[in-house]
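Heads up: the structure comes next, in structure tokens.
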Amino acid sequence: TSLTRHETGWASVDGVYHALDRAVAQRIRSAKCPASTVYAYEDGALETFRAAETTGVTRLYDLPIAHWRRCRQLLQEEAERVPDWACTMEGLRDSAEKHARKDSEIELADHILVASSFTRDSLTSAFGDIPVHVTTYGCPPPIVTEPARRAKDAPLELLFAGHLAQRKGIADLIAALDLLEADWRLTLAGPKPAAAPPALERFLSDERVTWLGTVPHATLLDHMAKSHAFVFPSIVEGFGMVITEALSAGLPVITTPHTAGPDILTDGVDGYIVPIRSPEALADRITRLADDEDHRHAMARAALSTARRRSWAQYEAQIADLVTTWDRPA
């Protein structure tokens, strides 16, 4: 436990990132790894960027989630709105030192890459006019040729994937399902938080709910291919990779503006964008899918079409073009 203790443990995420950061910085200073550009991620860039600044190396920063101030604001609001779920919001544990490090990395960056407009807006809100570029991630190749059809009078098979914590909006999903008159089943894939509220334990015991826990990726994709819709009512994300996986399985996606949903989905065509903290809106969109199978299936086919258009190769080419454009000799 001490080795993986949050932030300070040698084998914690921060401990590993900081060790890598120091090692890369040392190589830059010693010229063992001659480079004109460095590309680093949040929490692992500070020493690398400091070394790069002194040697004239271009500094590119990848921020995979919304800026910490926006995250903290939203999670604190959630802790007040649904206090029983506060124990699931681990992002509130980060220290002031970790936050200061994140800001120093951003200030040292020549260019910042993010995967969603929500992340970009969280940065411009905190720092004003800074060089932020949105490049959305790609979708996996479609895993089905035709989306699953829902048999007449069969329940609507819903799927959720992610940590069963309120940062992912799980309390709102539970509340939305309580509002439904349609027949539904829900499969959840993902770990429970270390401290699970009683409401979550009660929900998982519902006979209409199947909790898979943490599963291999292939197993998740198999469940996606058999489902009818994907629900991801997240409160704060940087992107939400499971959205693209669901599209590749031919699933209409119901998500919020605090994901990459607005960047990759067309509301009412291949998915729905609903406000955060709105079980009523979630219930309404689920009901629309449950009440009209032809409409749901048309959205499923549109989801597959979106996945085909948004490949990882396209994302890679965009990143390569940007890096080439910004690269300058040391």
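What is the chain's relative contact order, in percent, from Cα pairs under 8 angstrom and six or more apart in sequence?
Details: 623 pairs, mean separation 60.9, N = 330.
This gives 18 percent for the chain.
Note down the relative contact order for region 3-129 as a percent, whole number, built from C-alpha pairs under 8 angstrom at least six residues apart. Walk me through the numbers before you get to the answer.
Details: 165 pairs, mean separation 30.5, N = 127.
24 percent.
Extension gain for Glu207-Ala225 works out to 4.3 nm (0.36 nm per residue, less the C-alpha to C-alpha distance).
Positive-end ranking of Thr244, Phe232, Pro279 along the dipole of the chain, with charges on Cβ about the Cα centre, is headed by Thr244. For region 190-300, the relative contact order comes to 20 percent (Cα pairs under 8 Å, sequence separation of at least 6). Counting heavy atoms of the protein chains alone, Tyr41 has an accessible area of about 100 Å² for a 1.4 Å probe. DSSP assigns beta bridges within the chain; of those with both partners inside it, close to 0 percent run antiparallel. Lys192 sits with roughly 70 Å² accessible to a 1.4 Å probe, with DNA, RNA and ligands left out of the calculation. Taking the C-alpha atoms only, the angle from helix 170-179 to the longest principal axis of the chain is near 20 degrees. Between the alpha-carbon centres of region 61-107 and region 31-47 there is a gap of 25 Å.
When the solvent-accessible area of the chain is split by element, carbon and sulfur atoms take up 51 percent of it, the probe being 1.4 Å. Taking Leu204, Leu46, Leu113 in turn, the Gaussian network model of the chain (Cα-Cα springs below 10 Å) assigns the largest fluctuation to Leu204. Among Cys139, Cys87, Cys33, which one moves the most in a GNM of the chain with springs linking Cα atoms closer than 10 Å? Between Cys139, Cys87, Cys33, it is Cys33 that shows the largest mean-square fluctuation.
Protein-only accessible surface at a 1.4 angstrom probe places the residues Arg296, Arg50 in the order Arg50, Arg296, largest first.
Computed from Cα positions, the angle between helix 279-291 and the longest principal axis of the chain comes to roughly 50 degrees.
Show the residues, 5+ positions off or on another chain, whose built amide H is closer than 5 Å to the amide H of Ile235. Sorted by chain and number, the residues that satisfy this are Lys168, Gly169. For the options Gly240, Gly190, Gly56, a Gaussian network treatment of the chain with springs between C-alpha atoms closer than 10 Å singles out Gly56 as fluctuating the most. Taking every protein chain into account, the 1.4 Å probe leaves Thr287 with about 40 Å² of accessible area, to the nearest ten. Each residue of region 235-246 was assigned a 3J(HN,Hα) from its phi angle through the Karplus curve 6.51 cos²θ - 1.76 cosθ + 1.60 (θ = phi - 60°); the sequence is 7, 8, 9, x, 8, x, 4, 5, 4, 5, 5, 5 Hz, with glycine and proline shown as x. Relative to the longest principal axis of the Cα atoms of the chain, the long axis of helix 217-226 lies at roughly 30 degrees. Separation of region 139-158 and region 204-262, taken as the distance between their Cα centroids, equals 13 angstrom. Under 5 Å between amide hydrogens, built in the peptide plane, is the criterion, and for Gly271 it picks out Val253, Thr266 among residues at least 5 positions away or on other chains. Under a 5 Å amide H cut-off, with hydrogens placed 1.01 Å from N, Cys139 pairs with Arg310, Ser311, Trp312 among residues at least 5 apart or on other chains. Taken along the Cα-to-beta-carbon direction at a fixed 7 Å, the label points for Thr1 and Val323 span 4.1 nm. On a C-alpha basis, how far is the centre of region 1-23 from the centre of region 273-329 in Å? Whole number, if you could? Each part's Cα centre sits 34 Å from the other's. The dipole here belongs to the chain: it is taken about the Cα centre, uses +1 on the Cβ of Lys and Arg and -1 on the Cβ of Asp and Glu, and is about 760 debye.
The values are calculated or read from the model by the stated rules, or taken from the named source; none is laboratory data. Since we're looking at a predicted model, the values are computed, not measured. Glycine also receives a Cβ, built like all others from the backbone with ideal geometry; neighbour counts cover every protein chain displayed. Heads up: the accessible areas ignore ligands, DNA and RNA and are worked out on the full protein's heavy atoms, side chains in. Shrake-Rupley method; radii C 1.70, N 1.55, O 1.52, S 1.80 Å.
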